[in-house]
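Written out below as structure tokens is the structure these notes cover.
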Ligand code: AVJ
């Protein structure tokens, strides 16, 4: 018998208070440091998550389309690699649009499908879960609202079945190589031998193409990036005037990454009430707000090895812009 959608859903999460504390201490540390910086994970509140969905449809932002092409072509092959239905854990699930392709293939192959989306935006998590449950009658969803680490701990403690963790969209690219290795290792430590990691990783290419992907003509990425300043205003009582900052994108050849900045257009002071602090900016002074690392095939294998994985399969889109990698813990 098929159960009603509401009976197939469980929602868990960390409390919003600890998220706000994390945000506050990151802002304090980042804006008092010699080179000002903010962590891009804080761009994704409910508003930021909505803008990111719009980025995925931009003509310049090829990543989402390339990855979806791979998923569509390989979903069946993916499902057939498993003897029993793997519980699909997803880091930063967002609207789960691409994941539907896999859930569809798994539903064709297995009797039960269990999906564990982890995302910081509770709003998007809840509405996406409802849509998925309506679309997939065999699906069970255990959603977790919170940071990756808390979500993975929850999975480790509460989920007994074999898992395949999805880390799509080249989200790993937000992390420095060091942090990526650390995170991959900590995830590996929660995995059993039959668990898998399916990671989307964007490939190195012409820097012009990369810069345009992060500096679209319609200015959507710019407003996504600016959301972190607006969020400081909303949640910490800041008085950033976003018009007094200019969005800037460069490609750092040495580190193989796109770098994003908000550059002060003038000498100015910004006051952040809840942190009881005043930040002074000089004209032309940047806040480093985001990185997006790009990988060669060699980079991918090195990162995997350093993280404690071996590569089982690697798939590309037709134009070789993007890779999807199935890793197994070693
Ligand atoms: C979600 C980290 C994969 O780096 O391409 C897109 C975020 N930032 N445009 C990326 C992003 C600006 C995105 N990731």
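Bear in mind that the values in this text are calculations on the coordinates, not laboratory data. On a predicted model such as this, the values are computed, not experimentally measured, just so you know. Note that each Cβ is placed from the backbone with ideal geometry, even for glycine, and that neighbours are counted across all protein chains shown.
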Q: Let me see the pair-distance distribution of the range 281-330: every alpha carbon pair, 5 Å bin width, integer percents in order.
A: 4, 16, 21, 17, 11, 8, 6, 7, 6, 3, 0
Q.
Can you give the Rg/Rh ratio of the range 126-225, where Rg is from the C-alpha atoms and Rh is the Kirkwood radius?
A. 1.03
Q: Sticking to Cα atoms, compute the Rg of the range 70-173 to one decimal and its Dmax as the biggest Cα-Cα distance, whole number, in Å.
A: 12.8, 35
Q.
Using only the Cα atoms of the chain, what are the Rg and Dmax in Å?
A. 20.1, 67
Q. So how far, in whole Å, is the C-alpha centre of the range 203-262 from the one of the range 16-88?
A. 15 Å
Q. Rounded if a/c is under 1.5, else prolate if a/b beats b/c, else oblate: with a ≥ b ≥ c from the C-alpha gyration tensor eigenvalues square-rooted, which is the range 1-89?
A. oblate
(Q) Rg and Dmax in Å for the range 1-157, alpha carbons only: what are they? (A) 17.5, 62
Q: Calculate the tail of P(r) for the range 232-282: the fraction of all Cα-Cα distances greater than 15 Å, expressed in %.
A: 56 percent
Q | Mean projected area in nm² (Cα convex hull; one quarter of hull surface) for the range 142-296 | A | 11.8 nm²
Q: With r as the distance between the Cβ atoms of residue 282 and residue 21 and R0 = 41 Å, compute the FRET efficiency 1/(1 + (r/R0)^6) and round to 0.05.
A: 0.85
**Q.** P(r) histogram, all alpha-carbon pairs of the range 232-330 included - 5 Å bins from 0, percent
**A.** 3, 11, 14, 14, 12, 10, 8, 9, 12, 7, 1
Q | Principal axis dimensions, largest first and in whole angstrom, of the range 145-186 by Cα | A | 31, 20, 17
Q) Calculated FRET efficiency, residue 299 and residue 126, Cβ-Cβ r, R0 35 Å, to nearest 0.05? A) 0.45
